[in-house]
Amino acid sequence: MSPIIALRDDVYSSPSLHAFYRKNSYSLLAVNLENSKKDLYLRQEGSGISSLKINSESFLKNLKGVSLWGKAYYTNDKIKQVNFNETLDYHYVYPYVMADTVGGDLNAETYYFGGGLSKKMAGFIYGLQGAFKGIQSYRNKDPRPKNISSDIDFSLSVGREISNKSALSLDLSLKKYNQNNSLDFANELGFPLVYHDAGLGAYNELLAGTRMQAYYKGLRLGAQINLVPTNLDGFSAQLGFNNFNIGKELSGISENISEIEENNIYLSLAYHKQLEKKNFIVKLKGFTNLSS
């Protein structure tokens, strides 16, 4: 995906204002191959990736007063040289991952389905959007993680055109996250120490050793105000707040062994300019974490 399209997707992410993000309907079917390697990287996230992605998306603008969109994709990835992490979605569950000192390349598959609609009624624009993403990862040699995670997103939005060139909206969003994280070894001669990271290089020795089944459950609630140009030309702004909670459980222990709570406020400013067949977008985003 081109950086211009990615930035524009983010700016027009509000369901009620998504109809303005393109002037015409379109459909897309694409197959992408990627191979990357990093010189500097987090060892828990790997040194690079080899990936196959099959992507399909469609956008129908003002079909009998309703705009519809949908997207589905599948990816098959090989994540290279993952160490000190046997858990999916490191950006969510950090630092509370299951880990060992061996690691290795990791295979992963991702399935995504999402879509939404918007409709103008009585001077207001109403929109809703939903998506599901499932990931499974595994390794065919010791250590052998078997991880399955799911993301379910849903958002509601109401907007209004405040001039012939701009529109304003309010979004409410919900995300439900789950992960089943397990690890196994086939070598009968033994296996390395499996531990549960607590951050800053520390771990709980009482939980290290044979506890190789973990569960993550998370919930995120958010609200966002959006101001966008209706003709893809001009300034835009997004101001939002997110509350995200996630807990980690171990098999045989009834209480969470660790919890994460984040409260973020963010502001995003962008400027769009179209010149004939050329597009220009510049974007600035900042955020602050209010968590104690």
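Read-outs throughout are calculated quantities, based only on the coordinates presented, and are distinct from any laboratory measurement. What you are looking at is a predicted structure, and each value in this text was computed from that prediction instead of being measured. Every residue, glycine among them, receives a Cβ derived from its backbone with ideal geometry; neighbour counts consider all protein chains shown.
Modelled label-to-label distance, D142 and D9, 7 Å Cα→beta-carbon offset: nm?
The answer from the label model is 4.1 nm.
Can you tell me what percent of all Cα-Cα pairs in the stretch 133-292 are more than 20 Å apart?
On the way: 8489 of 12720 pairs.
Of the Cα pairs, 67 percent sit more than 20 Å apart.
Under a straight-distance cross-link criterion of Cα-Cα below 24 Å, which lysines are reachable from K78, leaving out those fewer than 8 residues away in the same chain?
K37, K38, K53, K133, K141, K146
Go through 84-96, 192-204 and give me the packing order, highest mean Cβ count within 10 Å leading.
The peptides rank, most packed first, as 84-96, 192-204.
Note down, for the chain, the three equivalent ellipsoid semi-axes (square root of 5 times each alpha carbon gyration tensor eigenvalue), biggest first, whole angstrom.
Sorted largest first and rounded, they come to 40, 21, 17 Å.
Placing unit charges on C-beta atoms (Lys and Arg positive, Asp and Glu negative, everything else neutral), compute the dipole magnitude of the chain about its Cα centre in debye, rounded to 20.
For the chain, the charge dipole is close to 1500 debye.
Using 10 Å bins from zero, what percent of all Cα-Cα pairs in the stretch 182-257 falls into each bin?
13, 29, 21, 14, 13, 9, 1
Can you tell me the FRET efficiency between S2 and E261 if r is taken as the Cβ-Cβ distance and R0 is 41 Å, rounded to the nearest 0.05?
So the FRET efficiency works out to roughly 0.70.
Using only DSSP helix segments of four residues or longer, with each worth -39500 (n - 2.57), what per-residue ellipticity at 222 nm results for the chain after dividing by its residue count and rounding to 500?
For the chain, the value works out to -1000 deg cm²/dmol.
Loop only by DSSP, 11 or fewer other Cβ within 10 Å of the Cβ. Give me the trypsin sites (Lys or Arg not before Pro) in the stretch 1-68 that pass, ordered by residue number.
Qualifying residues, ordered by number: K23, K64.
In percent, what relative contact order does the chain have, based on Cα pairs under 8 Å that are 6 or more apart in sequence? Could you put the intermediate results ahead of the total?
Values: 778 pairs, mean separation 40.6, N = 292.
Across the chain, relative contact order equals 14 percent.
Using 0.36 nm per residue of separation minus the Cα-Cα distance, give me the extension gain between K217 and L174 in nm, one decimal.
Extra length available between K217 and L174 comes to 14.1 nm.
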